[in-house]
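Asker: Dumping the structure here so I can ask a few things about it.
The values are calculated or read from the model by the stated rules, or taken from the named source; none is laboratory data. Fair warning: this is a prediction, and the values are worked out from it, not measured in the lab. A quick note on method: Cβ atoms are made from the backbone with ideal geometry, for glycine too, and the neighbour counts reach across all protein chains shown. Ligands, DNA and RNA are stripped out before the accessible areas are found, and what is left, the full protein with its side chains, is counted by its heavy atoms. Shrake-Rupley method; radii C 1.70, N 1.55, O 1.52, S 1.80 Å.
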Amino acid sequence: MAERSRDASGAGIASGLESRLRRYRDLRLTEEELATLLLMPVLLFLGVVSFYPIVDTVWASLQDGYIIGTSAEFVGPENYEALFDDGRFWNALGVSFIYTFVSVPIELGIGLGLALLLNRKFHGKYLAQAAILFPWALPTVINAEIWSWLFHGQFGVINDMLVRVGLLETAYPILAKPDIALAAMISVTIWKTSSFMALILLAGLTGIPEHLYEAARMDGASNWRQLRDITLPLLKPTILVALIFRTLPAIQAFGLPYGLTNGGPAEATTTIVLFTHSITFNNLEFGVGSASATAITVIGLALSLFYVATLYEPEVR
Amino acid sequence: MSTERRTHYGLGDIEIGETGKKIGFYIAISLLVLISFFPIIWMFITSLKPPTEAVRFPVTYIPETITLQNYRTALEQRPFGRYLFNSFVVASGTAIIDVFLGALAGYALSRLRFRFKLPVLLIILFSAMLPFISRLIPLFRLARELMLLNDYLGLILPYAAFQLPFAVWIMQAYFKELPDSIEEAGLMDGLTRLGVLFRIILPISAPAMATAAIIVFIYAWNEFLFALTFMTEEQMKTITVGIALYGGQYSFPWGTISAAVVMSVIPLLLFMLIFQRKVVEGLTAGFGKA
C-alpha cells in the first residue's frame, strides 16, 4: 500500500495535497482493473481446488491405475461398464435417493412449521433459535456416533422408551434390521437439519410485507387461505434455495452412514458417497471410484438444474 | 382466556394479552429445545455411569453411581487435546482465508462496474454445487504430490475453497447495503480505490466478516470426509475423526465414547452460546432477499 497517513491537520496543506494527488495517480486503477485484481486470486483458487479436480476426476474415470501414477492407461468406458455392472452401485444409488427424497420433503414440512412458529417477536428469540440449531451445528459424524448409542440394540435409550410406552416388549436391534435401519438414519437427519430449514424459511417469511395479511383478513380469508395464497407463493424463492441447500448435502451423505451403521446391515444404509469412498480408498479401485464420483457430479448438477427450472420464476413483486 | 377475536396464528403478530396462547407457545419452544438437546444430555448421563451400569437394560435415567473414570480413560487413551487443537488450527485458518478472499471478491462484485460480472458471480456460486467426493480423489493426489497430507494446509486449502462462495455471498450482500458516498468521500480525501477498500470499507465491515468467519469455522470444524482421508497420522487428526476412532473395531466402550463426545461438544456449545446471534444472522443472510 503506497498511501500512508492521511494527515487531515492544517499544516502543509498544499504540499500534502500535491503528494496525495501524486500517489493517487501512481496507483490509479480503473474499476475494471481493480475488479480483475481483486477477483483473480479467488478465481485462480477456485480453479485449482474446485474446477480442476472435477475435470481430473472425469479424466481419471477413463484411466486405469491413474492415481498410482506409474502405469496409467487409457481404458475408455471400461470403468463405467464395471461400475454399472456392479449391483452395489445401483443399491447405493437407490439408498441415497430414498434417503434424500424422503428426508428433504419432511424437513421442509417440519421446517415450515417451525418457521411459522418462530416468526414473531418474543423474549430470548435468538437464544431459542440457537438452541434449536444445536443439532445442525453438531458434527455429522459425532452426531452419528451419538445416535448409534441411542439406537443401540441391547442397551439403547430409544429401545427403553419404546418398551416403557408399550410399543415394544423387549429391546429390538433397530440398526441391525435392513428395512428399519434406513428409516432410523432418515429420522436422525430430519432431527438434525429441520431447524436449519426453518431458519432459512424464517428469513423468507420476515420479508413478506404484513399489509398483505391485513388486506387478506379484511377480505375474510382464513388462516389456511392466507398460508396458501400469500405465504407459500411469496416464499417460493426461499423454498427453492432451501431445497437446493438440503438436497445437495443429502445426496452426498457420508458421515452419517459412516458413523451410524457403517453402511450396514447388508449395505442397507450404504449411500452413494460411502460406496464411492469405500471402493476408492479401501479397494483402491481409483478408476471405478472416479467413474462413480463423476456419476454423482452429474446427478448433483441435474438435481440443481431441475430445481431451478421448476421453481424459478422471474421476480413478480 | 380465549377471546372471540380471530388471530392468524403463526403468521406474524400474536395477541400479547392472550396469556394461554403465550404459555402454550413457550411450552412448544421448550419442548423443541428439549428434543434438540436430549441426545447430548443422554450422552452426558451415560458418561457418568460406570461401565457395568452403562450396559444395563432397562436403562437408568439417573445414574446410581457417578464416576469420572470415563473422562480419564478418554483423555488417556487418545490425544484428545491434540485433536481439539488440530481442529482449531484448521478451522481458524480456513475462516481467515475465506474472510479475506471473500471480502476482496465481494467488494468487486457489489461495488465495482466491470464486464463479465454476472458470469463471474455464477462461476463462484456454481463451484459450491460441485460434489465433494468428486474433488476428493484429485485433491488427495495433489496433496500427496505437494507433501500436504498430514499437514494443516492440506485441509485448510480445500475447506477454504469449498466455503469461499458462501463467504463471497455474505460479503457482497453486506457491501451492497453501504451508501455510495463512502467511496466518494474516500476518493475526495485522496485515497486510491484500493485505499478506500482497505482503509474504509473493510474496517466498517467487521460485522459481516465475523458472520462469515463463524459459519466457515463451524463448517471446517465439522468436516469429516476430507479430514478422514487426508490426516492419517494420529497427531494430525481433527476432533471429528478422533471421536470416530474411540469405537474399536470390535468393541464399543460406550462410557468412554460418550465422555469423549461430551467433551468435544462443550466448545461447540460455548461457541453457539456466545455467537448465537451471528450464527442465526449468518445462515439467513441473503436468503430473505434471495
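Asker: Give B:Leu187, B:Leu194, B:Leu269, B:Leu283 a once-over and let me know the one that is within 30 Å of A:Leu127 (Cβ to Cβ), out of contact with any helix residue (DSSP H, G or I) (no Cβ under 6 Å at 6 or more places or on another chain) and in a helix (DSSP H, G or I).
Answerer: None of the others qualify; the one that does is B:Leu269.
Asker: Hey, can you tell me all the residues within segment B:194-216 that are within 11 Å of chain A (Cβ to nearest Cβ) and open to solvent by 50 Å² or more (accessible area, probe 1.4 Å)?
Answerer: Selection gives B:Phe198, B:Arg199.
Asker: Quick one: A:Ala184 ticks every box in (1) in contact with a helix residue (DSSP H, G or I) (Cβ under 7 Å, 6 or more places away or on another chain); (2) open to solvent by 30 Å² or more (accessible area, probe 1.4 Å) except a single one, so which number is it?
Answerer: Unmet condition: (2).
Asker: Let me ask something else. Please work out if A:Leu44 is at pLDDT 85 or above and buried (at least 18 other Cβ atoms within 10 Å of the Cβ).
Answerer: In short, no.
Asker: Let me ask something else about it. Among the residues that make up segment A:240-254, is at least one of them more than 30 Å from A:Trp136 (Cα to Cα), part of a helix (DSSP H, G or I) and either open to solvent by 50 Å² or more (accessible area, probe 1.4 Å) or at pLDDT 85 or above (or both)?
Answerer: No, segment A:240-254 contains no residue that is more than 30 Å from A:Trp136 (Cα to Cα), part of a helix (DSSP H, G or I) and either open to solvent by 50 Å² or more (accessible area, probe 1.4 Å) or at pLDDT 85 or above (or both).
Asker: Would you say B:Phe85 is surrounded by fewer than 16 Cβ atoms within 10 Å (Cβ to Cβ) and under 21 Å from B:Ile266 (Cβ atoms)?
Answerer: yes
Asker: Which residues, taken from segment B:59-82, are open to solvent by less than 30 Å² (accessible area, probe 1.4 Å) and outside any helix (DSSP H, G or I)?
Answerer: Listed by number, the residues that qualify are B:Val59, B:Thr60, B:Pro63.
Asker: Name the helices (runs of 4 or more DSSP H) wholly inside segment A:126-171 in which the number of residues that are crowded, with 20+ Cβ neighbours inside 10 Å and within 7 Å of chain B (Cβ to nearest Cβ) is 3 or more.
Answerer: Per the criteria, A:134-137, A:140-150.
Asker: Please determine, by comparing only the residues of segment B:171-184 that are in a loop (DSSP other than H, G, I, E, B) and open to solvent by 60 Å² or more (accessible area, probe 1.4 Å), which one is modelled with the lowest pLDDT.
Answerer: B:Asp180
Asker: Would you pick out the residues in segment B:115-146 that are at the interface with chain A (Cβ under 7 Å from one of its Cβ atoms) and under 19 Å from A:Gly255 (Cβ atoms)?
Answerer: Those that are at the interface with chain A (Cβ under 7 Å from one of its Cβ atoms) and under 19 Å from A:Gly255 (Cβ atoms): B:Leu130, B:Pro131, B:Phe132, B:Ile133, B:Ser134, B:Arg135, B:Ile137, B:Leu139.
Asker: While we're on this one: Tell me which residues, restricted to segment B:88-114, are more than 15 Å from B:Ala167 (Cβ to Cβ) and either open to solvent by 10 Å² or more (accessible area, probe 1.4 Å) or within 12 Å of chain A (Cβ to nearest Cβ) (or both).
Answerer: Result: B:Phe88, B:Val89, B:Arg111, B:Leu112, B:Arg113, B:Phe114.
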